[in-house]
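Participant: Could you have a look at this structure, given as structure tokens, before my questions?
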Amino acid sequence: MLTSIQLLRAMAAWVVIVHHFVQIFSPSSGGSFDRFFGGYGGIGVDVFFVISGFVMYKSTHERNVSPGSFIFNRLTRIVPAYWLYTCLTAALLLTIPGLIPSTVFEPVFFLKSLFFIPEKNPSGIGAFPLVTTVGWTLNYEMAFYVVFTLALCVWSDVRLAAIVIGMYLLQTEFPKIGVNATYYANTICNDFVMGLIVGVIHCKHRLKMPLPAALILAIGSLWLIGKHPHSHDPYQVGLPCAILMAAVLSQESRLKIPAWIINLGDWSYSTYLCHVIVLSIGHKLMAIFGLGPWITFAACSVTIAFVSWLSYNFVEIRASTYLKKLVPMKRAVS
């Protein structure tokens, strides 16, 4: 894996953590910190989607990857940890109702959440799965994987066009089949396409540029994002995130990334899944013991990192390895 991508993954995950910390704790009671991270911390999701589009293209470029092996590898990589944290969330909601904000347990809704089926949360916040603050993005991620899998069935020369058309139809035609299918009309799906485009450029031309040019692009992309309130708009946010990723990628040979940041990138999926649970428990303990929000956040950050390490090594890796041994298939992407 490219170290530049691991850096971006780590940054995206921890920006989202601060975003949700602000939402749960409101540490400065509406101050500039709250306004900034409360408004722009969601950019981490757009970065993740752009990275996903890039990685899926790069990992299958000029490789004979069957549709079955691709989707199997994606499922073994994504599902075990997601099911674990969805079940943990359900258990916590049943034992301590209200511990985790904006979500409620209900059996049928719980099952739909496990299988990435959009459904209105019984809490009334809309079509968000049980793990509300992070699960909604995985519904889009899985839809992208399905489109990508179908595109692997066609000739490689037209595969990119097939993916782009598939993502377009997902947003425009698929929502017509039912009420809950309107979930996929969200234009945030175009973030995946932005990542695909960067992947094409990188694989064909190996993105390289002088450091000053990369810095100008990176700063310019952040300026473009800051021009508007954050809304996951693919052109106001997704495109600048793709430009930012291209700028960072272009410096791959120059980057000297510490091992601990690479590790944070490795753990980023588990970090993404576990952090709201840890923050919610931290918020409860803060109220019980009269702690300050920043001390609580420091303790939560250490806990999130530790849980992420455990989850990555003992859930993500081991479950994926076990399932691949159980059902041997030609390797796709990891």
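The values are calculated or read from the model by the stated rules, or taken from the named source; none is laboratory data. The structure presented is a predicted model; accordingly, all values stated were derived computationally and were not measured. All Cβ positions, glycine included, derive from the backbone under ideal geometry; neighbour counts span all protein chains shown. For the accessible areas, the whole protein counts, side chains as well, though only heavy atoms, and no ligand, DNA or RNA atoms are used. Shrake-Rupley method; radii C 1.70, N 1.55, O 1.52, S 1.80 Å.
Participant: Got a sec? Which of Pro229, Pro234 is open to solvent by 40 Å² or more (accessible area, probe 1.4 Å) and modelled with pLDDT under 95?
Facilitator: From the options Pro229, Pro234, the qualifying one is Pro229.
Participant: OK, next. Take the residues of region 1-27 that are touching a Gly at 6+ places or on another chain (Cβ under 9 Å) and assigned to a loop (DSSP other than H, G, I, E, B): which is surrounded by the most Cβ atoms within 10 Å (Cβ to Cβ)?
Facilitator: Pro27
Participant: Could you figure out which of (1) under 24 Å from Thr60 (Cα atoms); (2) open to solvent by 20 Å² or more (accessible area, probe 1.4 Å) isn't true of Ala242?
Facilitator: All conditions pass for Ala242, except number (2).
Participant: Name every residue in region 277-314 that is open to solvent by 50 Å² or more (accessible area, probe 1.4 Å), closer than 21 Å to Ser29 by Cβ and touching a residue at least 12 places away in the same chain (Cβ under 8 Å), in order of residue number.
Facilitator: His283, Lys284, Trp294, Ala299
Participant: Something else now. When you scan region 49-63, do you find a residue that is outside any helix (DSSP H, G or I) and within 19 Å of Ala242 (Cβ to Cβ), even just one?
Facilitator: Checking region 49-63: at least one residue is outside any helix (DSSP H, G or I) and within 19 Å of Ala242 (Cβ to Cβ).
Participant: Restricting attention to region 28-42, which residues are farther than 15 Å from Pro293 by Cβ and either part of a loop (DSSP other than H, G, I, E, B) or at pLDDT 95 or above (or both)? First the steps, then the outcome.
Facilitator: Of region 28-42, the ones farther than 15 Å from Pro293 by Cβ are 32, 35-36, 39-42.
Across region 28-42, the qualifying residues are Gly41, Gly42.
Listed here are the residues, each with its yes/no results for (1) polar (S, T, N, Q); (2) farther than 17 Å from Val16 by Cβ.
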{"site": "Trp223", "(1), (2)": "no, yes"}
{"site": "Asp233", "(1), (2)": "no, yes"}
{"site": "Cys241", "(1), (2)": "no, no"}
{"site": "Ile257", "(1), (2)": "no, yes"}
{"site": "Asn263", "(1), (2)": "yes, yes"}
{"site": "Ser270", "(1), (2)": "yes, no"}
{"site": "Ala298", "(1), (2)": "no, yes"}
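Participant: Still on this model: Determine which member of the set Ser102, Ser113, Ser123 is part of a helix (DSSP H, G or I) and among the hydroxyl-bearing types (Ser, Thr, Tyr).
Facilitator: Details: Ser102 fails: part of a helix (DSSP H, G or I); Ser123 fails: part of a helix (DSSP H, G or I).
Being part of a helix (DSSP H, G or I) and among the hydroxyl-bearing types (Ser, Thr, Tyr) holds for just one of Ser102, Ser113, Ser123, which is Ser113.
Participant: Further question: Might you check whether a residue that is charged (D, E, K, R), more than 30 Å from Leu255 (Cβ to Cβ), in a helix (DSSP H, G or I) and open to solvent by 80 Å² or more (accessible area, probe 1.4 Å) occurs anywhere in region 197-206?
Facilitator: Step one: of region 197-206, the residues charged (D, E, K, R) are 204, 206.
Those still in the list that are more than 30 Å from Leu255 (Cβ to Cβ) too: none.
No: zero hits.
Participant: So how many residues does region 133-190 have that are open to solvent by 60 Å² or more (accessible area, probe 1.4 Å) and in a loop (DSSP other than H, G, I, E, B)?
Facilitator: Residues in region 133-190 being open to solvent by 60 Å² or more (accessible area, probe 1.4 Å) and in a loop (DSSP other than H, G, I, E, B): 4 in total.
Participant: Let me ask something else about it. Identify the residue in region 40-60 that is out of contact with any Gly (no Cβ under 8 Å at 6 or more places or on another chain) and under 16 Å from Ala143 (Cβ atoms) and, among all such residues, is least open to solvent (accessible area, probe 1.4 Å).
Facilitator: Val45
Participant: Follow-up. Going by the structure shown, is Phe37 open to solvent by 30 Å² or more (accessible area, probe 1.4 Å), without any contact (Cβ under 8 Å) to a residue 24 or more places away in the chain and either among the acidic types (Asp, Glu) or touching a Phe, Trp or Tyr at 6+ places or on another chain (Cβ under 9 Å) (or both)?
Facilitator: Against the criterion (open to solvent by 30 Å² or more (accessible area, probe 1.4 Å), without any contact (Cβ under 8 Å) to a residue 24 or more places away in the chain and either among the acidic types (Asp, Glu) or touching a Phe, Trp or Tyr at 6+ places or on another chain (Cβ under 9 Å) (or both)), Phe37 qualifies.
Participant: With the condition kept exactly as written, say whether any residue in region 106-129 is open to solvent by less than 30 Å² (accessible area, probe 1.4 Å) and of a type in the set (Val, Ile, Thr).
Facilitator: No - not one qualifying residue is present in region 106-129.
Participant: Since Thr133 meets every condition but one in (1) touching a Gly at 6+ places or on another chain (Cβ under 9 Å); (2) at pLDDT below 95, which condition does it not meet?
Facilitator: The failed condition is (1).
Participant: For region 15-39, which positions are touching a helix residue (DSSP H, G or I) at 6+ places or on another chain (Cβ under 7 Å) and under 30 Å from Leu207 (Cβ atoms)?
Facilitator: Scanning region 15-39 gives Val15, Val16, Ile17, Val18, His19, Phe37.
Participant: Another question, then. Determine the pairs where a residue that is acidic (Asp, Glu), located within region 182-205, has a partner that is open to solvent by 30 Å² or more (accessible area, probe 1.4 Å) with Cβ atoms under 8 Å apart, the partner being 6 or more residues away or on another chain.
Facilitator: Asp191/His232
Participant: Sticking with this one: Here are some conditions: (1) of a type in the set (A, V, I, L, M); (2) open to solvent by less than 70 Å² (accessible area, probe 1.4 Å); (3) at pLDDT below 95. Leu326 meets all but one. Which one does it not meet?
Facilitator: Checking Leu326 against (1) of a type in the set (A, V, I, L, M); (2) open to solvent by less than 70 Å² (accessible area, probe 1.4 Å); (3) at pLDDT below 95, the one that fails is (2).
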